[in-house]
1. Report, by chain and number, residues whose modeled amide H sits under 5 Å from the one on G47, excluding near sequence neighbours (fewer than 5 apart, same chain).
2. Using only alpha carbon pairs under 8 Å that are at least six residues apart, calculate the relative contact order of segment 137-246 and give it in whole percent.
3. Place +1 on the Cβ of every Lys and Arg and -1 on the Cβ of every Asp and Glu in the chain, take the dipole about the Cα centre, and give the residue among F39, S159, Q117 whose Cα lies farthest towards its positive end.
4. Per the Cauchy relation, a quarter of the hull surface: what is the mean projected area of the convex hull of the alpha carbons in segment 1-139, in nm²?
5. Ordered by residue, what ³J(HN,Hα) values in Hz, to whole numbers, does segment 220-229 give under the Karplus form 6.51 cos²θ - 1.76 cosθ + 1.60, where θ = phi - 60° and Gly and Pro are x?
6. Can you give the calculated 222 nm mean residue ellipticity of the chain, where each DSSP H run of n ≥ 4 adds -39,500 (n - 2.57) and the sum is split over every residue, rounded to the nearest 500 deg cm²/dmol?
7. Which of the trypsin sites (Lys or Arg not before Pro) found in segment 133-184 are in a DSSP loop and have at most 14 neighbouring Cβ atoms, other than their own, within 10 Å?
8. Report the paramagnetic label zone for S143: residues of segment 171-207 whose backbone N is under 20 Å from a point 7 Å from Cα along the Cα-to-Cβ axis.
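What follows draws every value from the coordinates through simple rules; no lab data is involved. The shown structure was predicted, so the numbers you read here are calculated from the model rather than taken from an experiment. Note that we place each Cβ from the backbone using ideal geometry, even for glycine, and neighbour counts take in every protein chain shown.
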Amino acid sequence: MSQTQSDNRHAITLQGVSMSFGSALALRPTDLTVHRGEFLTLLGPSGSGKSTLLNLIAGAIAPTTGRILLDDRDITYMPPRDRGIGMVFQNYALMPHMTVFENVAYPLRVRGEPSDQIHRKVNEALERVGLTGFEDRKPRQMSGGQQQRVGIARCIVYSPAIIMMDEPLGALDKNLREQMQDEIKRLHTDLGTTFIYVTHDQEEALNMSDRICLMSVGEIAQLGTPEDLYFAPQSRFVAEFIGESN
Ligand code: ADP
Ligand code: MG
C-alpha cells in the first residue's frame, strides 16, 4: 500500500451514498467522512435515516447510488464479515439458548480460531465490560444492562477496526443509561477505535461525542462538534432539536 498518511486518517468515507426502498428515499445522496479514532454520533428523530446509514456502512444493505470507502478501499459491495466492523444493537440480539461465554465466543468460533485463544479473548472482553464470573449464565438470567454488556463484549472480542452501536441504551432506564454512557466512553478511550454511535437522545449525543452528525428526513442537517451544534446551529431545526430536553 502506498497511500499517504493523510489518506489513512479517514476511516470511512461516503461519497454520494443514497438509499431507496422501492420508491421511498430513506437517505438522500450523502457525503460523510468519519475520522480514524473519533467518536461520531448519528443523532436525529425516528425515521431520519440513522439506521439506514449504519446498515450501509456495515454492509447489511447496498446503496442505491454512491460508494463507501474504508481506509481508501472501496467496500461498497464487500460482504459484511470482511469489513472488520463490529455492531451493537438496541435489542442486544443475543442467542437465548447459549451461555454468556458462548455468545461472546461466537464471532471467534465462526472465524475458526483455536479454543485456547478463544478462552483468552472472551475472558478479556468480559473483564472489560465488568462481567467476569457471568460466563455460565443465560441471557434471560441477566438484567437489560448486563445483557447489553454481553452484546458489547461480543462486539469487541475480535478487535474490530470500527465499532458501531445502534441506540444501544434505548431499552434501559435513565440512571443506567447515564452509567453506561460513561462505560462506553471509557471503552472508546481505552480501545482508541473509531466509534459510530446512533441515538435519538440529544443529551446523550452532547455528552459522548467528538462530533455529531444531526440527521433530518434522510439528510445531514449539520455536522460538527457538540459545541458547534449547541452554540452555532445552522438552522431552526438544529436549534430546536438540540435545545429540546427530555
Ligand atoms: P432511523 O434509524 O433514524 O429511525 P431508518 O434509517 O430506520 O431511520 O429509516 C429511514 C427511513 O427509511 C424511514 O422512512 C423508514 O421507514 C425507511 N426504511 C428503513 N428501512 C426500510 C426497509 N427495509 N424497507 C422500507 N423502508 C425502510
Ligand atoms: Mg434506527
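1. none
2. Details: 94 pairs, mean separation 20.0, N = 110.
Relative contact order of segment 137-246: 18 percent.
3. My answer, from the dipole projection, is Q117.
4. 11.0
5. Whole-Hz 3J(HN,Hα) from phi for segment 220-229: 7, 7, 6, 10, x, 6, x, 4, 3, 6.
6. On the way: 9 runs with 90 residues, N = 246.
After summing the helix terms and dividing by the residues of the chain, the value is -10500 deg cm²/dmol.
7. Working: sites: R137, R140, R149, R154, K174, R177; in loops: R137.
Passing sites in segment 133-184 do not exist.
8. Output list for this probe position: 171-187.
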